[in-house]
Amino acid sequence: MLNRPVFRITLGIAALVLAAVLVNACRTTGSAGLADGDAAQRVYVPPGQHDEFYAFMSGGFSGNLTVHGLPSGRLLKTVPVFSQFPENGWGYSEETKNMLMTSHGFVPWDDAHHPELSMTDGVPDGRWIFINGNNTPRVARIDLTTFETDEILEIPNSAGNHGSPFITPNSEYLVASTRFSVPVPQQDVSIDSYKQNFKGTLSFIRADRPGEMDVAFQILVPGYNYDLAHAGKGPSDGWMFFTSYNSEEANTLLEINASQNDKDFIAAVNWRRAEECVAGGAARTMPARYAHNHFDEAHIARHELKTEVTVLEPSDCPNLVYFLPTPKSPHGVDVDPTGEYIVAGGKLATVIPVHSFRKMIDAIENERFETVVDGIPVLQYEAIIAGEVENPGLGPLHTEFDGNGYAYTTAFISSEIVKWSLETFEVVDRIPVYYSVGHLMIPGGDSRRPWGKYLVALNKITKDRYLPTGPELAHAAQLIDISGDKMRLLLDFPTMGEPHYAQAIAADVIKDRQVKMYQLSENKNPYAVKGEGETRVERNGNEVHVYMSTIRSHFAPDNIEGIKVGDTVYFHVTNLEQDWDVPHGFAVLGANNAELLIMPGQTRTLVWKPERVGVFPFYCTDFCSALHQEMQGYVRVSPAGSDVPLAYGTGGTLTTASR
Amino acid sequence: MTEVAIMPTRALLLALLLIASAGLAACGGAEPEAAAPAAATSPDNPGGLTDAQLEHGIGPVSAMTLEAEIDAALAAQGEAVFNMKCAACHKMDQRYVGPPLGDVLTRRSPAYVMNMMLNPEEMLQKHPAARELLAQYMTPMPNQTLTHDEARAILEFLRTQQPAATPAP
Ligand SMILES: [Cu+2]
């Protein structure tokens, strides 16, 4: 009784405080005063509310993709792509491990650089996001209704798949250009026969047919290093632009030897012309070995090795490729929203060269060629250049666009972003970033219709930006407001791995399409159980298959006997839940792989090879309910040759296995 | 005594809500939160449910009358869904994770059972009978995302399991 009045007084004070807060909120929101510099307010997403954008950040050498909300910078999810991921068993479970197969066998790691959203009519459409694996050349497709990697294709005749996976305006193709030129086909030759034997490839991959990603054709090009790419759009739709450096064709100490020429090249490829040449029989097929992995209708990863690839030589297909001379070891190549300007980031250049698509077409028609290299005409620089942006900062790398007539370019060496006008080619604003910015990202900033509100700087060096965490630091990203005339720094946030590049899309485009669970009745996994009544254990020689179910808060079966040392035990676990956000986990003592995380309605399989006699526990790893700590079971392992019968059960006497 | 102590607190709470909603409205911000139901409360019925809600549960289904004849085909469909989505927790004749359902229709109205299947979260939050079972079983009955037709089929199957459906030996 005594504490009642106290409670009442507390409530009274709370009411006053709340009123004051609300009045205060009134004064600030909507009034002009706040617009000046209250960065915290601009990135604050109140509890329970959603961000405005999904940002997809490459995980760099973690091989993953991370999903952040903008403007808050909150980490929403890590999507494993090229890497095994013990958090959910990706690449460990029987259903997923084939995704990481390559022509080199199982490769559970890669260096993931460039996320690329699928597009319709030059605008991100939110169906899929693609990302490249650099080291063992691959591209992956991630479904944006499940945020899960669905398909991975290896790229033959490529090495260092850096220039990838840039997409055409209607997702017809994504490209993969090889950073390292290599002997094509591979052969045992001396490295200093580079000029004679090494070739580059520009691959075009069919992207708009889920489950059927394939190399449509590869164009064989001189042995330079191919770096990045972007598709034309609008008037330049049908063209793809690739940067190259090392036109010196150096094979050692590239730092010096590949920085000799005044200009290297952007390769402009007319891919519609390539389609014609391939259809007309100008291409040849070449033996090759590369993997294609994708989920089948049972949601099990299938792995196949392909054995040939279609190759097109520019000399067999006139008017296919032109070189645009570009100073100096260009890195990024970015096409503005109108499709007219092709902007290069010459990392050693003192200006940003901007090529004109219209002028390029004129130069081709009037044959304004400087020279011809390996059958590829080199256009005259003066004939194609629209302008040069002076004073762009040191080490310009990448450009994105706001859709309002401005371009934003990163300067790596001087650690800044410069904003310049696409009309005057003059710098209008600059802002320091911390430190050594590589890519930058504006939501939709490489598309026909950018959401020009925010810009994210993806920095390579962190130093003192956060509380120090030993020698290894999370990379820094910075969110910059670009809605006004002046860029304004709003937020620093740490990222996972190396967030090399990122893309973002308005949340509305994808948030209502999310799969919340899998329909149990549609589960086609051959080892699924559709109800606890179907749970059982079967032996087939040394293989034991446990058909197990989970539901809050028990496994069926949860007692298993008759397993022997030397057996290979498959735990096929089906989650019988049919509600959103109720995964169950499965972990067994001594498992040499990982745990499983099983989504509602899904089946996932873990292999366990018991090597010791004893009774071993298993349990649910995902805190699922008040009785989660009760969600457990035991497996009894007997010596090889023992005659303990195979038996199983839950909550009663054990049933002896029928076989 | 308790009633008296609680009333002023409720009044304060209400004032708080009013201030909050007035403040928000003045900003042109979000809709004010709905105020708590005004109905009188009692220990048996803390949520202040209507008699119909007490009898038929809370959810998409209101009082229903069933055909006298059991539809065997529908019941067979219901059995299949039950085996897939419910049997992991319910048996007919004994306590398992949840209560036995072999006599549930002697305890509950058909609509109540439908609402328990289709809207368990709210039932467990608000309905005293469901809350009482939760206190006993300690596991919240999950939403298995049934369609209305699936729930109806399960109801038909449950009818075949009731003591009245199988004449006592
Ligand atoms: Cu669990």
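The values are calculated or read from the model by the stated rules, or taken from the named source; none is laboratory data. If you're wondering where the values come from, they're calculated on a predicted model, not measured in any experiment. All Cβ positions, even for glycine, are placed from backbone atoms using ideal geometry, and neighbour counts span all protein chains on display. Please note that ligands, DNA and RNA were not included when accessible areas were found on the heavy atoms of the full protein model with its side chains. Shrake-Rupley method; radii C 1.70, N 1.55, O 1.52, S 1.80 Å.
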Exercise. Could you say whether any residue in the range A:549-556 is assigned to a loop (DSSP other than H, G, I, E, B), within 14 Å of the ligand (Cβ to nearest atom), in the same structural domain as residue A:524 (by TED's automatic domain parsing) and at pLDDT below 95?
Worked result: yes
Problem set entry | Leading residue by the ranking (nearest to residue B:141 (Cα to Cα)) among those in the range A:578-587 that are open to solvent by less than 10 Å² (accessible area, probe 1.4 Å) and more than 14 Å from every other protein chain (Cβ to nearest Cβ) | A:585
For this session: Give, as residue ranges, the strands (runs of 3 or more DSSP E) completely inside the range A:460-542 that count at least 2 residues that are surrounded by fewer than 21 Cβ atoms within 10 Å (Cβ to Cβ) and not assigned by TED's automatic domain parsing to the domain that holds residue A:447.
Result: A:536-540
Exercise. Could you list, in sequence order, the residues of the range A:372-413 that are surrounded by 23 or more Cβ atoms within 10 Å (Cβ to Cβ) and over 29 Å from residue A:451 (Cβ atoms)?
Worked result: A:379, A:384
Exercise. In this structure, does residue A:423 turn out to be loosely packed, with under 14 Cβ neighbours inside 10 Å and either farther than 27 Å from residue A:219 by Cα or touching a residue at least 24 places away in the same chain (Cβ under 8 Å) (or both)?
Worked result: yes
For this session: Would you be able to tell me the number of residues in the range B:25-78 that are open to solvent by less than 50 Å² (accessible area, probe 1.4 Å), at pLDDT 95 or above and not in a loop (DSSP other than H, G, I, E, B)?
Result: 4
Problem set entry | Subset of the range A:530-548 [within 16 Å of the ligand (Cβ to nearest atom) and at the interface with chain B (Cβ under 10 Å from one of its Cβ atoms)] | A:532, A:535
For this session: Could you please tell me which pairs satisfy a Cβ distance under 9 Å, a separation of 6+ or placement on different chains, a first residue in the range A:608-628 that is in a loop (DSSP other than H, G, I, E, B), and a second residue that is more than 16 Å from the ligand (Cβ to nearest atom) and among the polar types (S, T, N, Q)?
Result: A:609/A:568; A:609/A:592; A:613/A:638; A:613/A:642
Exercise. Would it be correct to say that residue A:431 is touching a residue at least 60 places away in the same chain (Cβ under 8 Å) and outside any loop (DSSP other than H, G, I, E, B)?
Worked result: no
For this session: Quick one: which residue in A:631, A:599 is open to solvent by less than 40 Å² (accessible area, probe 1.4 Å) and over 23 Å from residue A:568 (Cα atoms)?
Result: A:631
For this session: Have a look at A:328, A:347, A:306 and point out the one that is assigned by TED's automatic domain parsing to the domain that holds residue A:223, touching a strand residue (DSSP E or B) at 6+ places or on another chain (Cβ under 6 Å) and closer than 29 Å to residue A:280 by Cβ.
Result: A:306
For this session: Residue by residue through the range A:163-181, note down the ones that are modelled with pLDDT under 95, surrounded by fewer than 24 Cβ atoms within 10 Å (Cβ to Cβ) and either of a type outside the set (Phe, Trp, Tyr) or in a strand (DSSP E or B) (or both).
Result: A:179
Exercise. Restricting the search to the range A:362-406, which residues are in a strand (DSSP E or B) and charged (D, E, K, R)?
Worked result: A:370, A:388, A:390, A:400
For this session: Name, by its number, the condition in (1) within 16 Å of the ligand (Cβ to nearest atom); (2) not in a strand (DSSP E or B) that does not hold for residue A:652.
Result: (1)
Exercise. Within 16 Å of the ligand (Cβ to nearest atom), away from chain B (no Cβ under 14 Å) and open to solvent by 20 Å² or more (accessible area, probe 1.4 Å): does that describe residue A:619?
Worked result: yes
Exercise. Just wondering, is there one or more residues in the range B:79-101 that are more than 30 Å from residue A:558 (Cβ to Cβ), part of a loop (DSSP other than H, G, I, E, B), modelled with pLDDT under 95 and open to solvent by less than 60 Å² (accessible area, probe 1.4 Å)?
Worked result: no
Problem set entry | So residue A:545, is it open to solvent by less than 10 Å² (accessible area, probe 1.4 Å), free of Cβ contacts under 8 Å to residues at least 60 places away in the same chain, outside the structural domain of residue A:89 (by TED's automatic domain parsing) and at negative phi | no
